[in-house]
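Asker: This is the structure I want to talk about, given as structure tokens.
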Amino acid sequence: MADDRMTANARRAASFERDGKFFEAEALYRQLTQQEPPHPMCHYLYGNFKLLTGDFDGAWPYFQMRLKDPFYLKKGTMQLPQPWWDGSILKKKTLFVHVDQGIGDAILCARFVPMAADRVGKLILAVHRGLGRFFKGVDARIETAEIGDPIPEFDVHIDLFSLPALFGAKPGHTPLPPYLAADARRTQRWRNRLKQPGLKVGLAWQGNPANPRDVEKSIKLKAMKPIFRVPGVHFFGLQVGHGADQAAKIPKGVDFTDLGPDLVRPRHRMLDTAAVIDNLDLVISIDSAVAHLTAAMARPLWVLAYMVPDWRWMVAAETNPLRFEVGPWYPAARVFRQEKRWDWAPVINDVASELKKLATEKAGSKKRR
């Protein structure tokens, strides 16, 4: 019964946060984290809240409490007999780093892998199935394995999302993009396919429905009609999996090429997506793996964000939900944020207006040549 009340109150705190009621959210989060025995996921939620509100030093101890929750303790990688790595310099030892979140978070945290590799003799990075070759591009020194492969021999281990906490990530102390790049030969092959005139813009609109906030962050492709009306733009659908079928309903007359069917091959998906992005002038995306990839490559990116955005994209300038600034992870990304929860129309209209300016500039520069 106590856990049920804790869960209900955690949902209530998260609801306050998403409605922009930061004072009420923090008061309830603090109350939850003072309970005995500790409820690890409440600490984790408070850590996320602190990251959103800019308290990075205070956030990471709470964030790391997630590792004591039964959900994490049941994972095979959390039951390995080898010791947990504490960041020590171990030049004669092998470090095993394993993913524990989705692809987008793996891309965000990959920037810390070279820092970890500097401290050990060998680093093996275990990633999502089919993405070993892609993540190999983070650092030529590392070896990659994939989830489901036999566990390699190693001396110490850590999960990938613990690296930001271990290295004390915060503004001014976070490796910046680009730290991932497209394969040059693959980029050239795609360049030959993407020769359409005008401004080339990639689109991603759907997240994973299993995500509790997906209903809030995903956008129906048909809601982007104002964007499609911008002249001088050729759009490319980058969506695969969930929501990809919406591309078949694009109105006639829109310059749109659906690349989704060409990007679904498991072992080539992210490699090809990176090569496509390298050939585009801009990517417009919801908070998704496509957005993380574009930002990690330091390619032009516009992110469509809900009213109280995810801390991976923005940080509250003060404890005021109406004032945010781009966070330290992807400072070059441009974020278009809702001013009213659930209301995407003004966001889409703003994007269309800015896109029109960009397309006009592109057309003007071409005439001047």
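Asker: Only one of Val283, Val230, Val276 is among the β-branched types (Val, Ile, Thr) and over 19 Å from the mean Cα position of the chain (by Cα). Can you tell me which? It would help to see each step written out before you state the result.
Answerer: Values: Val283 fails: over 19 Å from the mean Cα position of the chain (by Cα); Val276 fails: over 19 Å from the mean Cα position of the chain (by Cα).
The match here is Val230.
Asker: Identify, from the list Ala352, Ala317, Ala332, the residue that is aliphatic (A, V, I, L, M), in contact with a strand residue (DSSP E or B) (Cβ under 8 Å, 6 or more places away or on another chain), modelled with pLDDT of 95 or more and surrounded by fewer than 19 Cβ atoms within 10 Å (Cβ to Cβ).
Answerer: Values: Ala352 fails: in contact with a strand residue (DSSP E or B) (Cβ under 8 Å, 6 or more places away or on another chain); Ala317 fails: modelled with pLDDT of 95 or more.
From the options Ala352, Ala317, Ala332, the qualifying one is Ala332.
Conditions tested, residue by residue: (1) touching a residue at least 12 places away in the same chain (Cβ under 8 Å); (2) over 28 Å from Pro328 (Cα atoms); (3) outside any loop (DSSP other than H, G, I, E, B).
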position: Leu176; (1), (2), (3): yes, no, no
position: Tyr179; (1), (2), (3): yes, no, no
position: Gln188; (1), (2), (3): no, yes, yes
position: Leu194; (1), (2), (3): yes, yes, no
position: Lys200; (1), (2), (3): yes, no, yes
position: Pro212; (1), (2), (3): no, no, no
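Asker: Given the residues Ala210, Ala182, Ala223, which is the only one that is within 19 Å of the chain's Cα centre (by Cα) and either modelled with pLDDT of 95 or more or among the acidic types (Asp, Glu) (or both)? Outline the logic, then answer.
Answerer: Working: Ala210 fails: either modelled with pLDDT of 95 or more or among the acidic types (Asp, Glu) (or both); Ala223 fails: within 19 Å of the chain's Cα centre (by Cα).
Just one listed residue meets the conditions, Ala182.
Asker: Here are Val347, Val283: which of them is assigned to a strand (DSSP E or B) and either modelled with pLDDT of 95 or more or in the same structural domain as Leu108 (by TED's automatic domain parsing) (or both)? First the steps, then the outcome.
Answerer: On the way: Val347 fails: assigned to a strand (DSSP E or B).
Checking each option against the conditions leaves just Val283.
Asker: Give me the residue from segment 13-47 that is touching a residue at least 60 places away in the same chain (Cβ under 8 Å) and crowded, with 18+ Cβ neighbours inside 10 Å and, out of that set, farthest from Arg323 (Cα to Cα).
Answerer: Among them, the one singled out is Glu26.
Asker: Note down all Cβ pairs under 6 Å where the first residue falls in segment 87-99 and is closer than 18 Å to Thr77 by Cβ, the second is surrounded by fewer than 18 Cβ atoms within 10 Å (Cβ to Cβ) and among the small types (Gly, Ala, Ser), and they're at least six residues apart or on different chains.
Answerer: Here the result reads Lys93/Gly121, each pair linking segment 87-99 to a residue that is surrounded by fewer than 18 Cβ atoms within 10 Å (Cβ to Cβ) and among the small types (Gly, Ala, Ser).
Asker: Failed condition for Gly54, given (1) closer than 25 Å to Pro178 by Cβ; (2) in the same structural domain as Val138 (by TED's automatic domain parsing), with all others met?
Answerer: It is condition (2) that Gly54 fails.
Asker: Let me ask something else about it. Return a yes/no flag: does segment 258-265 have any residue that is of a type in the set (Gly, Ala, Ser) and in contact (Cβ under 8 Å) with a residue 60 or more places away in the chain.
Answerer: Here is the first cut: in segment 258-265, the ones of a type in the set (Gly, Ala, Ser) are 260.
Next cut, in contact (Cβ under 8 Å) with a residue 60 or more places away in the chain only: none.
Scanning segment 258-265, I find no residue that is of a type in the set (Gly, Ala, Ser) and in contact (Cβ under 8 Å) with a residue 60 or more places away in the chain, so the answer is no.
Asker: From the list Ala106, Ala126, which residue is in a strand (DSSP E or B) and either more than 22 Å from the chain's Cα centre (by Cα) or crowded, with 18+ Cβ neighbours inside 10 Å (or both)? Reasoning before the result, please.
Answerer: Details: Ala106 fails: in a strand (DSSP E or B).
After applying the criteria, what remains is Ala126.
Asker: Thr294 fails exactly one of the following numbered conditions: (1) part of a loop (DSSP other than H, G, I, E, B); (2) closer than 24 Å to Val215 by Cα. What is the number of that condition?
Answerer: Here Thr294 clears every test but (1).
The values are calculated or read from the model by the stated rules, or taken from the named source; none is laboratory data. Here the structure is a predicted model, which means the values were calculated and not measured. Note that each Cβ is placed from the backbone with ideal geometry, even for glycine, and that neighbours are counted across all protein chains shown.
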